[in-house]
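Single-structure report; data block below.
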Amino acid sequence: MKKTMISELKEGMIVDSTFLIKGKTFGTGKTGKDYLTLIIGDKSGDMDARVWDNAKDIDSMVGVNNIVQVRGRVNNFKGKLQISIDEIRWIDRSSVEIADYMIMSPRLADDMFYELKMLMSTIENEHLKKLVDLFFANEQMTNLLKVSSAAKTIHHAYSGGLLEHTLNVVRLSDMIVSVYDGVDRSLLLTSALFHDIGKIRELGGDLTTEYTDEGRLIGHIVIGTEIIEELILEIKNFPRELALLLKHSILSHHGELEYGSPKRPKTIEAIILHYVEDMDSKVAGIKALIKKESGVEGDWTSYHPSYERYFYKKHYFQMLDKDKENKKDNE
């Protein structure tokens, strides 16, 4: 049987296909009836699903990272598509193509890595160049960078997402350098390269992204600072002030104490890094929501709890169509 992808689902469709369970929550309604909420997905996206009958038995039968056969109907619940499951059963991974269930960056990891390496080869500060070269020579870390997710759910939440986000932040930072005088390009680009590097140890998992013990106990900002310190210790006579400025950019890149930064940005480079990183994260998160709800009727998305607003999706799809037309004209 041909697999139906999440991206193909529309309101009212009858579903009979296999999906990956990415999350689950067991609950009891106001009437006392048990229900099971699942997040199911594949390489094209994910969707909420509900089990109303025999919820307790099914909860004990399937778990996160399981591949399951789902039968049900796609409904519109408060502006979001949701599957009401009639039947669900666990199936063996060996019977499916695992690649169908792994969300990956739309860009090839090797292409992004090459572009990132070429950009970083242009920095001029000799000490930071040694640091960057030392990082790129560490295959364990660079291999993790290529496959890691940038987040569990909000932005670039897929294999290769961390590399994609890092490359975007480095590229955007490099563009901004030409606008303002007095900006240390080498420091800014190195800070951009390392700003989220702690996520290679904060996040892990098989088909789904989960927090590691180290991630939950320490977090990627502190882990990233530790990684930089470990690399710096391998470089003879690395300037103390330069090390402080670099670590400050990493420690402050979330901008505010309430957003997890131990310090707020106090240098021009740290300020630029914070706003560039924040912009790329938000744009990616908004695009992910819009694409997820492409099959839902209407010009607006559902309410985004993280950004506390609805987003106008009609114009986004109009611009996508325009980009496709321009691409055809240029071929």
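The values are calculated or read from the model by the stated rules, or taken from the named source; none is laboratory data. What you see is a predicted model, and the numbers here were worked out from it, not measured in a lab. Using ideal geometry, Cβ is built from the backbone for each residue, glycine included, and neighbour counts are taken over all protein chains shown.
Points worth noting:
Residue by residue, here is whether (1) out of contact with any strand residue (DSSP E or B) (no Cβ under 7 Å at 6 or more places or on another chain); (2) more than 22 Å from ILE228 (Cα to Cα) holds:
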site: ASN143; (1), (2): yes, no
site: HIS155; (1), (2): yes, yes
site: TYR158; (1), (2): no, yes
site: PHE194; (1), (2): yes, no
site: THR209; (1), (2): no, yes
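- Residue in the range 233-249 that is closer than 30 Å to LEU131 by Cα, touching a residue at least 60 places away in the same chain (Cβ under 8 Å) and charged (D, E, K, R) present: yes
- Test set (1) aliphatic (A, V, I, L, M); (2) crowded, with 17+ Cβ neighbours inside 10 Å; (3) modelled with pLDDT under 90 - ILE67 fails condition number: (3)
- Check on LEU144, touching a helix residue (DSSP H, G or I) at 6+ places or on another chain (Cβ under 6 Å) and not in a strand (DSSP E or B): yes
- Condition met for VAL222 (touching a residue at least 24 places away in the same chain (Cβ under 8 Å), surrounded by 19 or more Cβ atoms within 10 Å (Cβ to Cβ) and either charged (D, E, K, R) or over 21 Å from GLU126 (Cα atoms) (or both)): no
- Count - residues of the range 281-299 that are touching an Asp or Glu at 6+ places or on another chain (Cβ under 9 Å) and either surrounded by fewer than 19 Cβ atoms within 10 Å (Cβ to Cβ) or not basic (Lys, Arg) (or both): 4
- Test: ASP133 is of a type outside the set (S, T, N, Q), within 22 Å of the chain's Cα centre (by Cα) and not assigned by TED's automatic domain parsing to the domain that holds ASN66: no
- Test: residue in the range 179-186 that is touching a helix residue (DSSP H, G or I) at 6+ places or on another chain (Cβ under 9 Å) and of a type in the set (Asp, Glu): yes
- The residue list ILE98, ILE14, ILE58, ILE91 contains one member that is over 30 Å from LYS287 (Cβ atoms) and surrounded by fewer than 16 Cβ atoms within 10 Å (Cβ to Cβ), which is ILE91.
- Among all residues of the range 147-165, there is at least one that is of a type in the set (D, E, K, R) and modelled with pLDDT of 95 or more.
- The residue list LEU246, LEU242, LEU233 contains one member that is surrounded by fewer than 18 Cβ atoms within 10 Å (Cβ to Cβ) and at pLDDT 95 or above, which is LEU233.
- Qualifying residue in the range 277-293 (condition: within 24 Å of ILE6 (Cβ to Cβ), more than 16 Å from the chain's Cα centre (by Cα) and at pLDDT below 90): yes
- Every pair of residues 6+ apart whose Cβ atoms lie under 9 Å, when the first sits in the range 297-325 and is closer than 23 Å to ASP278 by Cα and assigned by TED's automatic domain parsing to the domain that holds ASP278 while the second is assigned to a helix (DSSP H, G or I) and acidic (Asp, Glu): none
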